[in-house]
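Chemist: Take a look at this one; I'll ask things after.
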Amino acid sequence: MRQQLYFSPTLRDIPQGADIPSHQLMLRAGLLRQTASGIYSYLPLGRKVLRKVEQIIREEMDEAGGQELLMPAIQPAELWEESGRLDDYGPELMRLNDRNEREFALGPTHEEVITSLVRDEINSYKKLPMNLYQIQTKYRDERRPRFGVLRSREFIMKDAYSFDADEESLANSYDSMYEAYTNIFKRCGLDFRAVQADAGAIGGKGGTHEFMVLSDVGEDTIAYSDASDYAANLEIAALPDIYEKSEPPEAQIEMLETPNMKTIEELQRGLQISSKNMLKSILFIVDENPVLIVCRGDHEINEIKVGHAFDSDNVKLADDNQIASIIGTEAGFIGPVGIPEDVMVMADFAVKTVYSGISGANQLNKHFKNVHPGRDFQIARYGDFRFVQDGDTSPDGQGTIQFAKGIEVGHVFKLGTKYSEAMGAVYLDENGRSNPIMMGCYGIGVSRTLAAIIEQNHDENGLAWPRSVAPFDLHLLVLNPKQEEQYDLGEKLYGTLKQQGYDVLYDDRKERAGVKFKDADLFGLPVRIACGKKASEGIVEVKARQNGEMEEVHISDLSTYLS
Ligand code: ATP
Ligand code: MG
Ligand code: MG
Ligand code: MG
């Protein structure tokens, strides 16, 4: 590709509103432009990298037995009614009507569509197991779109769904997805951890893992061992099956002075309690029930949209006596996975309600709008756990616990029969008996992965792509195209390198050498080949972007050098 005509508008300065390196560099190097808040256009360089990541994903998914299909982004609301998620999903679901006032949604995920497809076509155990996937655009009206494509409202996801006859077979499907994900993120050159995540009401133990790219800009906190593979997200790291005997978390609760706050505004102003052990917490009474909100880690406590989760009329702060009566008793613990994102909620009624599944959900919904067991939170008995702390011995006995920030790039999840039961996806077994199909779902944020790769592969001068995902293999520069020998050598090399199968970006522009070098560093292609003053001797300067090593190479040695 000749750079003269290439659509890759660069920016010298850090663009306003771009707070993290990947967002800044994607704008500066011309990979991305914002079209609306949380909605982006990928320019040719960005599109090329997306394709590379998608290709790696396809290869590994196909290798694991996945079959690629493509489902619609527009989904009829009736399907969401069937699964029970039309109301449940909340404001993240983008809704629209057609000209006949029929209701639709822009798919944030595809459990409903795929379950309806499979229920109509798969009826026998002979067709199971099956794994179907797609790479497609998803829509989520995120409360706070930010960090460019790390959290956008339109994004690209690879989503896969497995269908099995029984639990054992589901476990195999799950394991093979886990392995495929490990391969994918390794091939993308990422430093990541697969962490045990919230199993919630659906998955059961070991039923879900998140793939976290280690990065300071990550919004999740993970606890991991410095000497083994143990890793868990903070919610699960506090669960009793990991830490058996522990003290009740008295030290983590401090009282707020202002009592009897009623309105959401007052609540938000009142949310200023902070305490030790990475927790900020506050206790409310909701409909006579004590509810403790615990905010994790570095989250700003005033970012919590309490109004989103609570019916404000019946909320007031607990007093000391009420707190005392809860600690050490039957209080429950709920940690959200979805909404509200930054909050964990504790309530003593939760123990009674959440374990009983759907009725529990209904009861909870009186207090928490759009919050759902399993998807949004999990529960443990309050007195049974404490939060993992820095320097603790790892639960597997190997090494000590460290904390890190992570970007969730992938998520594997055993769904069980949640959707197949709600939507009637059944198969006949060998004895002709009808059973609900066991399902799993497996997502990768393709566009988020792109940003995560940049977070781990850049320096102060720009991008520094791993070879496997670089938009071009080589950046060929003619430093002074007006100088005939340089120009001729550049043209010749451009031809032969392409012929040898390299994807080459060829800087044939009439710019100063300094500008070209700066742009080459900004684009970050793995190898830069510059035709300069020694062109007449057939010598070029070759630089490896990642380690900065530079060497003069005669063109007759170039192919050996590059291979
Ligand atoms: P998060 O916790 O970051 O909101 P999620 O748990 O809601 O993500 P999943 O429902 O597990 O996301 O979706 C699968 C994958 O899709 C995620 O692991 C992530 O990589 C990606 N993803 C989810 N939401 C977004 C978004 N708003 N922008 C970009 N990628 C996203
Ligand atoms: Mg998540
Ligand atoms: Mg989310
Ligand atoms: Mg997730």
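Chemist: Is region 111-128 home to any residue that is within 16 Å of ligand 1 (Cβ to nearest atom), within 16 Å of Ile444 (Cα to Cα) and in a loop (DSSP other than H, G, I, E, B)?
Modeler: No, region 111-128 has no match at all.
Chemist: Further question: I'm trying to understand the selection: among the residues of region 79-96, which are out of contact with any strand residue (DSSP E or B) (no Cβ under 9 Å at 6 or more places or on another chain) and in a loop (DSSP other than H, G, I, E, B)?
Modeler: Correct list: Gly84 only.
Chemist: For region 14-36, how many residues are farther than 22 Å from Ala520 by Cβ and outside any loop (DSSP other than H, G, I, E, B)?
Modeler: Residues that pass the stated criteria total 3.
Chemist: Which of the residues belonging to region 449-490 are assigned to a helix (DSSP H, G or I) and either of a type in the set (Lys, Arg) or over 23 Å from the mean Cα position of the chain (by Cα) (or both)?
Modeler: We begin by selecting, within region 449-490, every residue assigned to a helix (DSSP H, G or I); these are 449-456, 467-469, 484-490.
Within region 449-490, Arg467, Glu484, Glu485, Gln486, Tyr487, Asp488, Leu489, Gly490 meet the criteria.
Chemist: Right, next: Just name the residue that is surrounded by the fewest Cβ atoms within 10 Å (Cβ to Cβ) out of those in region 1-60 that are farther than 15 Å from Pro145 by Cβ and among the acidic types (Asp, Glu).
Modeler: Once the filter is applied, the top-ranked residue is Asp13.
Chemist: Gly514 passes all but one of (1) free of Cβ contacts under 8 Å to residues at least 24 places away in the same chain; (2) assigned to a helix (DSSP H, G or I); (3) in contact with a Gly (Cβ under 7 Å, 6 or more places away or on another chain); which number fails?
Modeler: (3)
Chemist: If you take the residues in region 143-165 that are assigned to a strand (DSSP E or B) and aliphatic (A, V, I, L, M), which one is farthest from Tyr427 (Cα to Cα)?
Modeler: Checking each candidate, the answer is Ile156.
Chemist: Among (1) surrounded by 14 or more Cβ atoms within 10 Å (Cβ to Cβ); (2) free of Cβ contacts under 8 Å to residues at least 24 places away in the same chain; (3) on the phi > 0 side of the Ramachandran plot, there is one condition Lys543 misses while meeting the rest; what is its number?
Modeler: The single condition Lys543 does not satisfy is (3).
Chemist: Also, quick follow-up: Can you run down the residue pairs with Cβ atoms below 7 Å, 6 or more apart or on separate chains, where the first is in region 156-170 and touching a residue at least 60 places away in the same chain (Cβ under 8 Å) and the partner is in a loop (DSSP other than H, G, I, E, B) and of a type outside the set (A, V, I, L, M)?
Modeler: Sorted first by the residue in region 156-170, then by its partner, the pairs are Asp159/Thr109; Asp159/His110; Ala160/Gly66; Ser162/Pro129; Phe163/Pro129; Asp164/Pro129; Ala165/Asp429; Ser169/Pro129.
Chemist: Moving on. If you scan region 430-445, which residues turn out to be surrounded by fewer than 24 Cβ atoms within 10 Å (Cβ to Cβ) and within 16 Å of ligand 2 (Cβ to nearest atom)?
Modeler: Once the filter is applied, which keeps residues that are surrounded by fewer than 24 Cβ atoms within 10 Å (Cβ to Cβ) and within 16 Å of ligand 2 (Cβ to nearest atom), region 430-445 yields Cys441, Gly443.
Chemist: Taking the residues in region 64-107 that are away from ligand 1 (no atom under 16 Å from the Cβ), among the aliphatic types (A, V, I, L, M) and at pLDDT 95 or above as candidates, determine which candidate is surrounded by the fewest Cβ atoms within 10 Å (Cβ to Cβ).
Modeler: Across region 64-107, the extreme among qualifying residues is Leu70.
Chemist: Here's another thing I want to ask about it. So, of the residues in region 433-448 that are farther than 22 Å from Glu179 by Cβ and not in a helix (DSSP H, G or I), which turns out to be nearest to ligand 1 (Cβ to nearest atom)? Don't jump to the end; show me each part of the working.
Modeler: Going residue by residue through region 433-448, those that are farther than 22 Å from Glu179 by Cβ are 433-437, 447.
The next check asks that each one be not in a helix (DSSP H, G or I); those that pass are 433-437.
Values: Arg433: 33, Ser434: 30, Asn435: 27, Pro436: 22, Ile437: 21 Å.
Selected residue: Ile437.
Chemist: Output yes when any residue across region 133-142 is without any contact (Cβ under 8 Å) to a residue 60 or more places away in the chain and either hydrophobic (A, V, I, L, M, F, W, C) or not in a strand (DSSP E or B) (or both), and no when none is.
Modeler: Yes, the conditions are met somewhere in region 133-142.
Chemist: Also: Can you tell me how many residues in region 120-133 are under 19 Å from Met71 (Cβ atoms) and in contact with a helix residue (DSSP H, G or I) (Cβ under 9 Å, 6 or more places away or on another chain)? Write out each step before concluding.
Modeler: Just the residues of region 120-133 that are under 19 Å from Met71 (Cβ atoms), to begin with: 120-122, 127, 130-133.
Checking the rest, the ones that are also in contact with a helix residue (DSSP H, G or I) (Cβ under 9 Å, 6 or more places away or on another chain) come to 121, 127, 130-133.
Result for region 120-133: 6.
Chemist: In addition: Looking at Gly416, Gly424, which is the one that is surrounded by fewer than 22 Cβ atoms within 10 Å (Cβ to Cβ), touching a helix residue (DSSP H, G or I) at 6+ places or on another chain (Cβ under 7 Å) and modelled with pLDDT under 95?
Modeler: Criteria check complete, one pass: Gly416.
Chemist: Output the qualifying pairs, or none if there are none: Cβ atoms under 8 angstrom, residues six or more apart or on different chains, first residue in region 439-451 and farther than 16 Å from Ser215 by Cβ and among the aromatic types (Phe, Trp, Tyr), second residue assigned to a strand (DSSP E or B) and more than 8 Å from ligand 1 (Cβ to nearest atom).
Modeler: Note: pairs meeting the criteria are Tyr442/Tyr133; Tyr442/Ala160; Tyr442/Tyr161; Tyr442/Ser162; Tyr442/Val412.
Chemist: Could I ask something else about it? Condition (residue is modelled with pLDDT under 95 and in contact with a Pro (Cβ under 7 Å, 6 or more places away or on another chain)) applied to region 197-214: is it met by at least one residue?
Modeler: Yes, there is a match, as at least one residue in region 197-214 is modelled with pLDDT under 95 and in contact with a Pro (Cβ under 7 Å, 6 or more places away or on another chain).
Chemist: Got a sec? Which of Tyr161, Tyr178 is at pLDDT 80 or above, buried (at least 24 other Cβ atoms within 10 Å of the Cβ) and of a type outside the set (Asp, Glu)?
Modeler: On the way: Tyr178 fails: buried (at least 24 other Cβ atoms within 10 Å of the Cβ).
That would be Tyr161, the only listed residue that is at pLDDT 80 or above, buried (at least 24 other Cβ atoms within 10 Å of the Cβ) and of a type outside the set (Asp, Glu).
The values are calculated or read from the model by the stated rules, or taken from the named source; none is laboratory data. These numbers come from a predicted model, not from an experiment. Cβ atoms come from the backbone with ideal geometry, glycine included; neighbour counts cover every protein chain shown.
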